[in-house]
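Visitor: Handing you a structure now.
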Amino acid sequence: MPVRARPRCEGDTMAWDFSTDPEFQEKLDWVDRFCREEVEPLGFIFPYAVRLPDPKVKELVRGLQQQVKDQGLWAIFLDEELGGPGFGQLKLGLLNEILGRYPAAPQLFGAAAPDTGNMEMLAAYGTEEQKERWLQPLLDQEIFSAYSMTEPQGGSDPNLFRTHAVRDGDEWVINGEKWFTSAGRVADILFVMCTNGMFVVPRDTPGVEIMPEPRNHNHIIYTDVRVPADHLLGPEDGAKVLAQRRLGGGRIHHAMRTIAQCTLAFDMMCERALSRESHGATIAEHQMVQEKIADSYAQIRMLRLFVLETAWKIDNTSTQEARTDIAAVKFTMAKVLREVSFNALHIHGSLGTTDLTPLQRMYAEAPTMGIADGVDEVHKATVARRVLKGYRPHEGYFPSEFLPAKREAAWEAWEPRFEADPDLRKVAEGYKEYFAKRRG
Ligand SMILES: Cc1cc2nc3c(=O)[nH]c(=O)nc-3n(C[C@H](O)[C@H](O)[C@H](O)COP(=O)(O)OP(=O)(O)OC[C@H]3O[C@@H](n4cnc5c(N)ncnc54)[C@H](O)[C@@H]3O)c2cc1C
């Protein structure tokens, strides 16, 4: 066989079951209620509440976070061996498709980026001493972190990165420049990817200079930044492995939350379609509106299945082994969010173009999803490259599905049967002649 009939995957042996166990469903119901009744209103009254220094707000936040902890839902992204509740990615997916609807929810559940990815790296690669120094305070939200990887001269290709650390006695001296470090300005510690390792750098270390622009995703210059030798995380030269670990998890978590955003846009689209009239009918009765609703529905269902199946694969193998699907989920979620948020915005007409609903923000953020954590093109190239490893070229001029060759092979394979049963041969030859005539 010149090509593989069908790319196999770990999921091929799974027992298909799309139900949620009742005990976990109770947790999901609690989360749903808690987010609607507590988290959403808090976000309207105190945006970015978790980061606000006011003692009154802090008290409110701590109270809500305690409720989350009491439910055993704190830091849900971390596996048990890494200090979290160990629900696994599939259950995390079900939780995130609720949390993703409310901007304040991930922080109130101790599961907000960029801290989550950084904690995952610390939990997986940190020494006991490093975990005690940084992981626990991050888990308790006593400190916040940022991730400094992208550089001004190149983002998609890590081989273009130049930030480098040089060992000097008991210290490392870091020089370089980073671009788009999210929340770098307000972070206590920065995870700095160097060509020769991943380093933890306290933001107030001399030589760390945060440029005025951009405001939220920072341009940071590192000049002769000295950190103690034990601020190297994981092995020397191990930065790319740590980065993969961090970004792989982050990508699927984004996708889980994107399902929530798409569902919110879809709910709004349906409600509006039933509420407005035009040309003698509700707009829901116009076929071009129905097409948008039907396409959006199918796209969200497909995305959700894909995300949950990928989460299941990670649980049953590893992030590394599920890489093809994580990359495919990454660009698919960006596309689905773009299209569904556009459809919802369009169906809202002029209102959709304002900032009086979440739709304009959602649509504006959609292209971001195709860039952050790796641009679509790079993920598509990864998927194609990895998938193609399961195939090989056909021999000769024609593909293996070339019908005349397949027909001939079938006749050859059946020859023993025809020999044993000449009447069967006669019938087959009759049909052969009949169909050959019809094919012309
Ligand atoms: C909201 C947001 C938050 C971010 N947060 C962080 C953060 O916290 N820390 C951090 O370090 N970085 C962060 N980034 C940066 C992010 O990692 C980079 O934007 C991303 O890796 C792409 O790099 P770039 O922006 O330099 O684009 P480029 O690499 O310059 O790519 C630009 C365009 O070139 C094309 N292109 C590039 N490579 C290829 C290719 N191989 N094949 C085909 N076309 C290609 C694509 O069209 C691509 O969109 C964030 C980005 C965003 C948008």
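Visitor: Return the residue satisfying two criteria in turn: it lies in region 150-168 and is more than 16 Å from the ligand (Cβ to nearest atom) and aliphatic (A, V, I, L, M), and of such residues it is farthest from Gly197 (Cα to Cα).
Guide: Here the answer is Val166.
Visitor: Among residues belonging to region 381-399 that are more than 8 Å from the ligand (Cβ to nearest atom) and within 20 Å of the chain's Cα centre (by Cα), point out the one that is surrounded by the most Cβ atoms within 10 Å (Cβ to Cβ).
Guide: If we take residues in region 381-399 being more than 8 Å from the ligand (Cβ to nearest atom) and within 20 Å of the chain's Cα centre (by Cα), then Val383 is surrounded by the most Cβ atoms within 10 Å (Cβ to Cβ).
Visitor: For region 203-226, give me each residue that is without any contact (Cβ under 8 Å) to a residue 24 or more places away in the chain and either in a strand (DSSP E or B) or among the polar types (S, T, N, Q) (or both).
Guide: Residues satisfying the conditions are Thr205, Val208, Glu209.
Visitor: Determine, yes or no, whether Leu73 is part of a loop (DSSP other than H, G, I, E, B), in contact with a Gly (Cβ under 8 Å, 6 or more places away or on another chain) and either at pLDDT 95 or above or not assigned by TED's automatic domain parsing to the domain that holds Ala409 (or both).
Guide: no
Visitor: Return the pairs, sorted by first residue and then second, in which the second residue is within 8 Å of the ligand (Cβ to nearest atom) and part of a loop (DSSP other than H, G, I, E, B), the first residue lies in region 139-161 and is over 18 Å from His379 (Cβ atoms), the beta carbons are less than 6 Å apart, and the residues are 6+ apart or on different chains.
Guide: Matching pairs, first to second residue: Ala146/Pro114; Ala146/Ala183; Tyr147/Pro114.
Visitor: When you look at Gly63, is it assigned to a loop (DSSP other than H, G, I, E, B), among the small types (Gly, Ala, Ser), surrounded by fewer than 21 Cβ atoms within 10 Å (Cβ to Cβ) and without any contact (Cβ under 8 Å) to a residue 40 or more places away in the chain, yes or no?
Guide: The answer is no for Gly63.
Visitor: Taking the conditions exactly as written (assigned to a strand (DSSP E or B), in contact with a Pro (Cβ under 9 Å, 6 or more places away or on another chain) and not assigned by TED's automatic domain parsing to the domain that holds Gly110), does Met193 satisfy them or not?
Guide: yes
Visitor: I want to confirm something. Restricting to region 227-243 and keeping residues that are free of Cβ contacts under 8 Å to residues at least 60 places away in the same chain and under 21 Å from the mean Cα position of the chain (by Cα), which single residue is farthest from Cys194 (Cα to Cα)?
Guide: Val241
Visitor: Exactly one condition in (1) closer than 29 Å to Val50 by Cβ; (2) within 14 Å of the ligand (Cβ to nearest atom) is false for Glu213; which is it?
Guide: That leaves (2) as the condition not met.
Visitor: Now for a separate question. Kindly list the number of the only condition in (1) at positive phi; (2) outside the structural domain of Leu64 (by TED's automatic domain parsing); (3) surrounded by 22 or more Cβ atoms within 10 Å (Cβ to Cβ) that fails for Phe180.
Guide: (3)
Visitor: For Ala243, work out the one condition from (1) crowded, with 22+ Cβ neighbours inside 10 Å; (2) in contact with a strand residue (DSSP E or B) (Cβ under 7 Å, 6 or more places away or on another chain); (3) modelled with pLDDT under 95 it doesn't fulfil.
Guide: (1)
Visitor: Could you say which residue among Leu94, Leu99, Leu108 is within 20 Å of Arg33 (Cα to Cα), in contact with a Ser or Thr (Cβ under 8 Å, 6 or more places away or on another chain) and aliphatic (A, V, I, L, M)?
Guide: Within the list Leu94, Leu99, Leu108, the selection yields Leu94.
Residues checked against (1) among the basic types (Lys, Arg); (2) within 17 Å of Ile221 (Cβ to Cβ):
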| residue | (1), (2) |
| --- | --- |
| Arg162 | yes, yes |
| Glu171 | no, no |
| Val201 | no, yes |
| Val208 | no, yes |
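Visitor: While we're looking at this one, here's another question. What is the number of the single condition among (1) within 15 Å of the chain's Cα centre (by Cα); (2) buried (at least 18 other Cβ atoms within 10 Å of the Cβ) that Gln320 does not meet?
Guide: Of the numbered conditions (1) within 15 Å of the chain's Cα centre (by Cα); (2) buried (at least 18 other Cβ atoms within 10 Å of the Cβ), the odd one out for Gln320 is (2).
Visitor: Continuing with the same structure: Of all residues in region 121-149, count the ones that are surrounded by fewer than 19 Cβ atoms within 10 Å (Cβ to Cβ) and either within 11 Å of the ligand (Cβ to nearest atom) or among the hydrophobic types (A, V, I, L, M, F, W, C) (or both).
Guide: Residues flagged as surrounded by fewer than 19 Cβ atoms within 10 Å (Cβ to Cβ) and either within 11 Å of the ligand (Cβ to nearest atom) or among the hydrophobic types (A, V, I, L, M, F, W, C) (or both) within region 121-149 amount to 2.
Visitor: Also, quick follow-up: List the pairs whose first member sits in region 361-385 and is of a type in the set (Ser, Thr, Tyr), whose second member is near the ligand (Cβ under 7 Å from one of its atoms), and whose Cβ atoms are under 8 Å apart, counting only residues at least 6 apart or on separate chains?
Guide: Listed by first residue and then by second, the contacts come to nothing, as the list is empty.
Visitor: Which of the residues spanning region 364-377 are surrounded by fewer than 15 Cβ atoms within 10 Å (Cβ to Cβ) and near the ligand (Cβ under 8 Å from one of its atoms)?
Guide: Across region 364-377, the qualifying residues are Thr368, Ile371, Glu377.
Visitor: Are there helices (runs of 4 or more DSSP H) fully within region 338-393 with at least 1 residues that are hydrophobic (A, V, I, L, M, F, W, C) and within 28 Å of Gln287 (Cβ to Cβ)? List them.
Guide: 349-352, 359-369
The values are calculated or read from the model by the stated rules, or taken from the named source; none is laboratory data. Since the structure is predicted, the reported quantities are computational estimates derived from the model, not experimental observations. With ideal geometry, Cβ positions are generated from the backbone for all residues, glycine too; neighbour counts draw on all protein chains shown.
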